[in-house]
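Notes follow the structure.
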Amino acid sequence: TVKVNEFVPREVVDKLMKKANLVWQVILGLSRYGGLRTPSETLSLRWEDIDWEMNRMSIPEPKVEHHEGRGIRSCPIFPELRSILDEAFEIFGDKSEYVVAAPQYRAAANTAMGWKNSNLRTEMTRLLRRAGVSGWPRLFHSMRASRQTELQREFPLHVVCSWLGNSPRIAQQSYLLVTEDDFAKAAGVAKVMVEG
């Protein structure tokens, strides 16, 4: 079976953010605007991994830590994510070691058999319903793929892959998406070419 991701527009994430509590705003922000793997990286990130001054995160990579030279990667704190993290730190920073202040999610997701989505998908489905938003395939993978697609428009592939912790081959095969904006841009170019 081919696993297909779908681009998740920022407007949709904004609707979810308005209905989400702060813990879920952090989960959504890290997944969609940070491009973190959810649940493993999102639930493993600690406040000590945040370098506020340098505007960077040192992201633990449980999924690939067994590969030589892997286990932690550096990624910018993108502007869309900064305000979410600032608010979460103000409220949870002295109460929780982890950025996602929800030990119940970590306990359910980090099993002896590895990381699993536990009830994050169930909670996400409830949030979608509360926000009046239709779901999409591969809820968390699609948000990560959406971020990779956006960043790819601004930065070289090798840079984006370094930040998000995948290879150019995997990015092209599994993460880079064709969006409605791509079609609109191409249609505009085609129209100019025909009229010109």
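The values are calculated or read from the model by the stated rules, or taken from the named source; none is laboratory data. This one's a predicted model, so the numbers in the text were calculated from it and none came from an experiment. When we count neighbours, we look across all protein chains shown, and the Cβ atoms used for this are built from the backbone with ideal geometry, even at glycine.
Quick check on residue 169: is it basic (Lys, Arg), in a helix (DSSP H, G or I) and more than 23 Å from residue 24 (Cβ to Cβ)?
Working: basic (Lys, Arg): yes; in a helix (DSSP H, G or I): yes; more than 23 Å from residue 24 (Cβ to Cβ): yes.
Here the answer is yes, as residue 169 does meet what is asked.
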Worksheet item: Within segment 133-146, is even one residue at pLDDT 95 or above and over 17 Å from the mean Cα position of the chain (by Cα)?
Response: yes
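Just the residues that are surrounded by fewer than 21 Cβ atoms within 10 Å (Cβ to Cβ) and either among the basic types (Lys, Arg) or touching a helix residue (DSSP H, G or I) at 6+ places or on another chain (Cβ under 9 Å) (or both), please, taken from segment 152-164.
Applying the first criterion (surrounded by fewer than 21 Cβ atoms within 10 Å (Cβ to Cβ)) to segment 152-164 yields 152-159, 162.
Result: 152, 153, 154, 155, 157, 158, 159.
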Discussion item. Tell me whether segment 169-181 contains one or more residues that are among the aromatic types (Phe, Trp, Tyr) and either on the phi > 0 side of the Ramachandran plot or modelled with pLDDT of 95 or more (or both).
Written reply: no
Response to the item:
A careful count of residues in segment 71-88 that are more than 14 Å from residue 163 (Cβ to Cβ) and among the aliphatic types (A, V, I, L, M) gives 3
Practice prompt. Note down all Cβ pairs under 9 Å where the first residue falls in segment 49-66 and is within 16 Å of residue 37 (Cα to Cα), the second is modelled with pLDDT of 95 or more and among the β-branched types (Val, Ile, Thr), and they're at least six residues apart or on different chains.
Written response: 49/59; 49/99; 57/50; 57/77; 57/99; 58/50
